[in-house]
Amino acid sequence: MRHHQYNQRFVFQNPPEDFDKYTERELLQYCLGATMYMPGTKDFSEAILTNKYAGLTSMVMCFEDACAASEVPMAEENALNLLSLIDHKIKNEEFSYSNLPLIFFRVRSVEQFKHFSSMLNREQRKLITGFNFPKFNQSNAEQYFIHLSELNMKSGEVLYGMPIIEDRAVAYKESRMAELIGIKSIIDQYQDLVLNIRVGGTDFSSCFGVRRGINYTIYDVLTVSDCLLDILNIFTRDNDYTVSGPVWEYFQINSKMKFQQLPKISVQDHVLKRIPIVNEAVDGIMRELILDKANGFIGKTIIHPTHLKYVNAMYAVILEEYNDAIQIMNTDGGVVKSESANKMNEAKPHLNWAKKIHMRAKAFGVIRDEADYAKLFCEG
């Protein structure tokens, strides 16, 4: 799997690297990008096997919020059938493993996680990258990761966990810090099995009876923004973990793209100044992505395939950023003038930033400048 394969004619300064579930965690945690959530009851086998969705590199089949309790057995059977069909197609050389997106399952509870994982055979486990753990808190964290650790040891497979922090104990200020520190003390014991921390912007919003509109970002909803920034504060210190941005809830699928008429636009300037580019939904997710990146989020949960290429493209690294990062990583200490001669680069204070940029460059590639974002969105 590799990002941006839908646009074969785009010329990168440095192309993105290939990855799969066996890629080292140090890099793989930066490769998730746009992770598309799908109901576990739906049959997505054709979409995967025909590469229907341009840019799909990471997906989650959901047994929790997207399923009624009564539908879970059907969703589990559907998931098993999907994995068996993919395995069959790979063995018959009708589908290449290199085109397989990272597949995760959002389980419903610890009990359902144990039940579903017990149904997986060896071939099916090879096709799974991991599991998402919803409503993750101090009371269930240990149980989730004890079972995940046992599953890895027994199966001999690499299977990751992605906790979803969305609990009311984190939403409410009086309990938040104790809860977050408690969660981190547990998952630190299983850090090698934690691929990514995910956040529940919709669940946090529900606690306060709010919902962000299409024309503003999650950072404008102060109660929710407060939760998210505290999560970043606890989990992204010294790049301990990657944390993905909250889901964007809006999509419009029939608007005509304008990039062929606007090849020289600065995406960041346009969306932050609210100059229309594509439509309200796409412009909105790009506006929020700019703020996600500025605050340290890596990747984003999405609910519609039209968002895939925009999210993944926005995580490509601009050449000036990349050159700064390499310079910082190769400087023993002190302050140096950047290659572009427009800023100072400090070896120690900027090192964690530089490492993050370097990994993003490996995952999503290096582009010349901001005008290249719009060119990367286009399908050729």
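Only the coordinates and a few stated rules stand behind these numbers; no lab work does. Note that the structure is predicted; figures quoted are calculated from it, not measured. In this analysis, Cβ positions are derived from the backbone assuming ideal geometry, glycine residues included, and neighbour counts consider all displayed protein chains.
Debye-formula intensities of the stretch 9-70, expressed as log10 I(q)/I(0) at q = 0.13, 0.15, 0.20 Å⁻¹, are -0.50, -0.64, -0.97 (one equal scatterer per alpha-carbon, no solvent). Lysine pair count for the stretch 317-380 (Cα-Cα distance under 26 Å; residues 8 or more apart in sequence or on different chains): 11.
For the stretch 202-342, give the magnitude of the charge dipole about the Cα centre (Cβ charges: +1 Lys/Arg, -1 Asp/Glu; no others), in debye to the nearest 20. Could the numbers behind the result be given before it?
Values: 13 positive and 17 negative charges, 143 e Å.
That gives a dipole near 680 debye.
Quick one: pull the percentage of alpha-carbon pairs in the stretch 20-162 with a separation above 24 Å. For the stretch 20-162, the fraction of Cα-Cα distances above 24 Å is 27 percent. Note on the chain: dipole from Cβ charges, positive end direction compared against Pro15, Ala75, Gly296; the farthest Cα belongs to Pro15.
Please find the FRET efficiency linking Arg9 to Lys42, where r is the Cβ-Cβ separation and R0 is fixed at 35 Å, and quote it to the nearest 0.05. Computed FRET efficiency for Arg9 and Lys42 comes out at 0.60. For the stretch 95-112, the Karplus equation 6.51 cos²θ - 1.76 cosθ + 1.60, evaluated at θ = phi - 60°, returns couplings of 8, 9, 4, 5, 9, 7, x, 5, 10, 10, 10, 8, 7, 8, 6, 4, 5, 5 Hz by residue, with Gly and Pro reported as x.
The peptide list 349-359, 101-111, put in order of mean Cβ contacts within 10 Å with the highest first, becomes 101-111, 349-359.
So if we plug the beta-carbon distance of Ala178 and Leu272 into 1/(1 + (r/R0)^6) with R0 = 35 Å, what FRET efficiency do we get, rounded to 0.05?
Rounded to the nearest 0.05, the efficiency is 0.45.
Of Pro246, Pro276, Pro305, the residue with the greatest mean-square motion in the GNM of the chain, using alpha carbon springs below 10 Å, is Pro276. Distance between the pseudo-spin-label points of Met119 and Asp20 (7 Å out from Cα toward the beta carbon): 2.6 nm. Cα extents for the stretch 34-99 along the principal axes, largest to smallest and rounded to whole angstrom: 37, 25, 13.
Think of the chain as having a plus end and a minus end, set by charges on the Cβ of Lys, Arg, Asp and Glu; of Gly201, Gly245, Val278, Val278 sits farthest toward the positive end of this dipole. Packing-based ranking of 282-290, 226-234 yields 282-290, 226-234, ordered from highest to lowest mean Cβ neighbour count within 10 Å.
Distant-in-sequence amide contacts of Phe131, defined by a placed amide H-H separation under 5 Å and a gap of 5 or more residues or a different chain, comprise Phe105, Tyr160, Gly161, Met162. With the charge dipole of the stretch 317-380 set up from +1 on Lys and Arg Cβ and -1 on Asp and Glu Cβ about the Cα centre, the Cα lying farthest toward the positive end among the listed residues His350, Asn323, Ala361 is that of His350.
Around Tyr322, under 13 Å between beta carbons, what's the net of Lys plus Arg minus Asp minus Glu among the other residues? So the surrounding residues net to -1. The dipole here belongs to the chain: it is taken about the Cα centre, uses +1 on the Cβ of Lys and Arg and -1 on the Cβ of Asp and Glu, and is about 640 debye. If you take the Cα centroid of the stretch 150-212 and the Cα centroid of the stretch 266-310, the two points sit 24 Å apart. When Lys and Arg each count +1 and Asp and Glu each count -1, what net charge do the other residues less than 13 Å away from Lys293, Cβ to Cβ, add up to? Once all neighbours under 13 Å are counted, the net charge is 0. Apply the a/c threshold of 1.5 to the C-alpha gyration tensor of the stretch 25-315 and tell me whether it is rounded, prolate or oblate. Taking the square roots of the gyration eigenvalues as a ≥ b ≥ c, the stretch 25-315 is oblate. Full extension of the segment from Ala341 to Ser206, taken as 0.36 nm per residue of separation minus the current Cα-Cα distance, would add 43.9 nm. Put a plus charge on the Cβ of each Lys and Arg, a minus charge on the Cβ of each Asp and Glu, and nothing anywhere else: the dipole of the stretch 317-380 about its Cα centre is then about 240 debye.
Would you mind getting me the FRET efficiency between Gln189 and Asp369? Use the beta-carbon distance for r and R0 = 51 Å, nearest 0.05.
Numbers: r = 43 Å, r/R0 = 0.85.
Efficiency for this residue pair is about 0.75.
Which of rounded, prolate or oblate describes the stretch 261-350 when judged by the alpha-carbon gyration tensor and an a/c cut-off of 1.5? Prolate shape, in that a/c is at least 1.5 and a/b is the bigger ratio.
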